[in-house]
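Contents: one structure, followed by commentary.
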Amino acid sequence: MEKREKLYEGKAKIIYTTDSDNLVIQYFKDDTTAFDGAKKEVLEDKGVINCSISTIIFEYLEKHGIKTHFVERLSPREMLVKKCEIIPVEVVVRNVAAGSFSRRYGVKEGTPLKEPLVEYFYKNDELHDPMVCPNHVYMFGWATREELGFMTKTALEVSELLKKFFDEIDIQLVDFKLEFGRHNGEILLADEITPDACRLWDKSSGEVLDKDRFRKDMGKVVESYKEVYRRIVERYEKV
Ligand code: C5P
């Protein structure tokens with residue numbers, strides 16, 4: 001697989017074209033941003049850890065029937081993925097109150113939700129990713145009813161699978177964000193699944209093991225991501 005030119009550079013990843021029209025390379029940077037890029041730091045090794053975690057999780061999800069863009073890991077920071085047209089809707093699933101949900105609705109962080117809650121956000125940095133409802137998605141033409149229905153159903157399936165996945169390693173999956181893309185007439189789970197895009201709390205101590213450590217200046221960001229990875233490898237015996 002030949003790596004060609006840079007197609008797109010985001011805040012934490014770069015997409016490169018390849019010699020295949022159908023495949024691109026997703027490169028994980030060490031750059032870490034929060035608050036729509038207002039806070040930025042380079043955290044050594046974060047890209048490698050995130051590429052490792054995302055690889056294992058995509059393989060796990062594929063094994064359990066979720067169609068993803070993941071093809072194979074190529075190097076410590078690179079994975080080969082199916083080229084997708086990304087749908088500009090971030091799908092967030094919450095199991096426990098935290099973050100913007102707690103702020104918006106005045107619910108104490110850590111309060112369990114009585115059922116998994118799916119929320120949608122318009123992926124747009126300039127507008128600060130506003131929360132939207134399904135009618136916005138259809139009206140703006142970001143996705144059809146059928147596509148959003150599929151994304152929602154898949155997000156809830158992913159939630160169940162990931163809850164079990166993390167439960168096994170003594171981690172509570174509080175919430176997470178997914179992105180989807182269109183590829184050859186199919187909707188695939190795209191982007192990444194890493195501590196950058198999930199809230200992960202140690203079940204015993206409540207310790208935060210995700211990007212909130214960066215957002216809230218709690219320190220030991222990469223160390224926490226490494227701890228998540230260490231537990232994943234120990235339990236799932238994959239590198
Ligand atoms: O900030 P908020 O509480 O809405 O985030 C919900 C979940 O989605 C968190 O796990 C957060 O890390 C993730 N998220 C993300 N990218 C965004 C917004 C949220 O990965 N642009």
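The values are calculated or read from the model by the stated rules, or taken from the named source; none is laboratory data. Values in this document were obtained by computation on a predicted structure and should not be read as measured data. Note that each Cβ is placed from the backbone with ideal geometry, even for glycine, and that neighbours are counted across all protein chains shown.
Being within 14 Å of the ligand (Cβ to nearest atom) and under 16 Å from the mean Cα position of the chain (by Cα) is the filter; apply it to the stretch 216-239 and report the residue that is surrounded by the fewest Cβ atoms within 10 Å (Cβ to Cβ).
Among those that are within 14 Å of the ligand (Cβ to nearest atom) and under 16 Å from the mean Cα position of the chain (by Cα), it is Val228.
Filter the stretch 165-183 down to the residues that are more than 16 Å from the ligand (Cβ to nearest atom) and over 23 Å from Val228 (Cβ atoms), then identify the one that is surrounded by the most Cβ atoms within 10 Å (Cβ to Cβ).
The selected residue is His183.
Output the residues belonging to the stretch 108-155 that are within 15 Å of the ligand (Cβ to nearest atom) and either over 26 Å from Gly10 (Cα atoms) or touching a Gly at 6+ places or on another chain (Cβ under 8 Å) (or both).
Those that are within 15 Å of the ligand (Cβ to nearest atom) and either over 26 Å from Gly10 (Cα atoms) or touching a Gly at 6+ places or on another chain (Cβ under 8 Å) (or both): Lys108, Glu109, Gly110, Thr111, Leu113, Pro116, Leu117, Asp125.
Does Ser224 satisfy the criteria of being modelled with pLDDT of 95 or more, farther than 22 Å from Lys11 by Cα and of a type in the set (S, T, N, Q)?
So Ser224 fails the test.
Any residue that is part of a strand (DSSP E or B), within 15 Å of the chain's Cα centre (by Cα) and in contact (Cβ under 8 Å) with a residue 24 or more places away in the chain - is there at least one of those in the stretch 35-53?
no
List the strands (runs of 3 or more DSSP E) inside the stretch 58-164, counting only whole elements, that have at least 1 residues being surrounded by fewer than 18 Cβ atoms within 10 Å (Cβ to Cβ).
Strands (runs of 3 or more DSSP E) meeting the threshold: 70-75, 112-122.
Report, by residue number, each residue of the stretch 184-200 that is near the ligand (Cβ under 9 Å from one of its atoms) and part of a strand (DSSP E or B).
Cys198, Arg199, Leu200
Ala190 versus (1) under 17 Å from the mean Cα position of the chain (by Cα); (2) more than 23 Å from Ile25 (Cα to Cα): which is the lone unmet condition?
Only one criterion in (1) under 17 Å from the mean Cα position of the chain (by Cα); (2) more than 23 Å from Ile25 (Cα to Cα) is unmet by Ala190, namely (2).
Going residue by residue through the stretch 229-236, is there one that turns out to be within 20 Å of Ile66 (Cα to Cα) and either in contact with an Asp or Glu (Cβ under 7 Å, 6 or more places away or on another chain) or of a type in the set (Gly, Ala, Ser) (or both)?
no
Which residue, of Val71, Val118, is within 26 Å of Arg235 (Cβ to Cβ) and touching a residue at least 12 places away in the same chain (Cβ under 8 Å)?
Testing whether each residue is within 26 Å of Arg235 (Cβ to Cβ) and touching a residue at least 12 places away in the same chain (Cβ under 8 Å) leaves just Val71.
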